[in-house]
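The block underneath contains the structure these notes are about, expressed in structure tokens.
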Amino acid sequence: MELRKWTYEDIYAIAALEKVCFRDPWTYRMLADTFFQENTVALAAVEGNELIGYGFLVVAGEDADVANVAVAPQHRRRGVARALLRGLEEAAAARGVKRLFLEVRVSNAPAMLLYLRSGFTGRYVRPRYYGDGEDALVMVKTIGA
Ligand SMILES: CC(C)(COP(=O)(O)OP(=O)(O)OC[C@H]1O[C@@H](n2cnc3c(N)ncnc32)[C@H](O)[C@@H]1OP(=O)(O)O)[C@@H](O)C(=O)NCCC(=O)NCCS
């Protein structure tokens, strides 16, 4: 498994994985728009020619918001998401980011465990944050020196 930056051609595969991994997937258009933003840091996990996972964050000054991290079901529990998070964190730190934020569905135990094991802590709940009425837990990690 290797981590590299997204290419524009990756966006088809990423949009397809979004549909497999999320109830409220980002569309091709949303992903493409984000890809072209200068403040986006986006990493793909690839094995041979196959895109097996991806993650991206959006930088705003000393803070960054981890937008999505996802791994294809058949490649889970092999440390791919943990590696993606580490890569995103390193890239964000190199841009001067000091704090990473993210929102996670309160029902998403695998993701919450991943983030806790990666050094994030839960801060507060955003009630009915998602379109279907589910709450989000906001998690934070301080990074860099
Ligand atoms: C959450 C997700 C990204 C994890 O990807 P992954 O590559 O399987 O995660 P990793 O193998 O790097 O796991 C790292 C740690 O997270 C925890 N974890 C991950 N998946 C877990 C699960 N299903 N159950 C319990 N703990 C889990 C474990 O502590 C794991 O370490 P371990 O395997 O040594 O015990 C993946 O399940 C996924 O794509 N889910 C759908 C999309 C999603 O919900 N993304 C998060 C949105 S906020």
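With charges set only on the Cβ (+1 for Lys and Arg, -1 for Asp and Glu), what does the dipole of the stretch 84-126 come to about its Cα centre, in debye to the nearest 20?
Working: 8 positive and 3 negative charges, 27 e Å.
Computed about the Cα centre, the dipole is about 140 debye.
What 222 nm value per residue comes from the helices of the chain, counting each DSSP H run with n ≥ 4 as -39,500 (n - 2.57) and dividing by all residues, nearest 500 deg cm²/dmol? Don't skip to the answer; put the middle values down first.
Values: 4 runs with 44 residues, N = 145.
Using -39500 (n - 2.57) per qualifying helix, the result is -9000 deg cm²/dmol.
Across the chain, where is the longest run that never hits GluC sites (Glu not before Pro) in a DSSP loop with at most 14 other C-beta atoms within 10 Å?
63-145
Extension gain ARG76-LYS19, at 0.36 nm per residue separation less the Cα-Cα distance, in nm?
18.9 nm
Starting from the Cα of ASN108, step 7 Å along the direction of its Cβ; do the same at THR142; then give the gap between the two resulting points in nm.
Here the answer is 2.5 nm between the modelled labels.
Are there any trypsin sites (Lys or Arg not before Pro) in the stretch 57-119 that are in a DSSP loop and have at most 10 other Cβ atoms within 10 Å? List them by number.
Answer in residue order: ARG77.
Can you check what the net charge comes to around VAL46, using other residues whose Cβ is under 13 Å from the Cβ of VAL46 (Lys, Arg +1; Asp, Glu -1)?
Its environment carries a net charge of -3.
Could you calculate the FRET efficiency of ASP132 with ASP33 from 1/(1 + (r/R0)^6), where r is the beta carbon distance between them and R0 is 22 Å, rounded to 0.05? Display every interim value, and only then the final one.
Working: r = 23 Å, r/R0 = 1.07.
FRET efficiency, ASP132 to ASP33: 0.40.
LYS141: which lysines have alpha carbons under 18 Å from its alpha carbon, excluding same-chain residues fewer than 8 sequence positions away?
LYS98
Out of the trypsin sites (Lys or Arg not before Pro) in the stretch 1-54, which ones are loop residues according to DSSP with at most 10 other C-beta atoms within 10 Å?
Numbers: sites: ARG4, LYS5, LYS19, ARG23, ARG29; in loops: ARG23.
Here the sparse-neighbourhood loop sites are ARG23.
Placing +1 at every Lys and Arg Cβ and -1 at every Asp and Glu Cβ, with all other atoms neutral, what dipole size does the chain have around its Cα centre, in debye to the nearest 20?
In total the dipole reaches around 500 debye.
Can you tell which of PHE36, LEU113, ALA94 lies farthest toward the positive end of the dipole of the stretch 2-142, using +1 and -1 charges on the Cβ of basic and acidic side chains (Lys, Arg; Asp, Glu)?
LEU113
Can you compute the modelled spin-label distance between ASP63 and ARG117, with each label point 7 Å from Cα toward Cβ, in nm?
2.8 nm
Just want to confirm a number: the relative contact order over the stretch 2-142, from Cα pairs under 8 angstrom separated by 6+ residues, in percent. Please list the in-between numbers first.
Details: 236 pairs, mean separation 25.2, N = 141.
Computed value for the stretch 2-142: 18 percent relative contact order.
Of the chymotrypsin sites (Phe, Trp or Tyr not before Pro) in the stretch 1-68, which ones lie in a loop per DSSP and count no more than 13 other C-beta atoms within 10 Å?
TYR8, PHE22, PHE36
What net charge do the residues around GLY61 carry, taking every other residue with its C-beta under 15 Å from that of GLY61, with Lys and Arg at +1 and Asp and Glu at -1?
-1
Computed from the coordinates by the stated procedures, all read-outs in this text should not be read as laboratory data. Keep in mind that what you see is a predicted model, and the values were worked out from it rather than measured. Glycine gets a Cβ as well: all are built from the backbone with ideal geometry, and neighbour counts include every protein chain shown.
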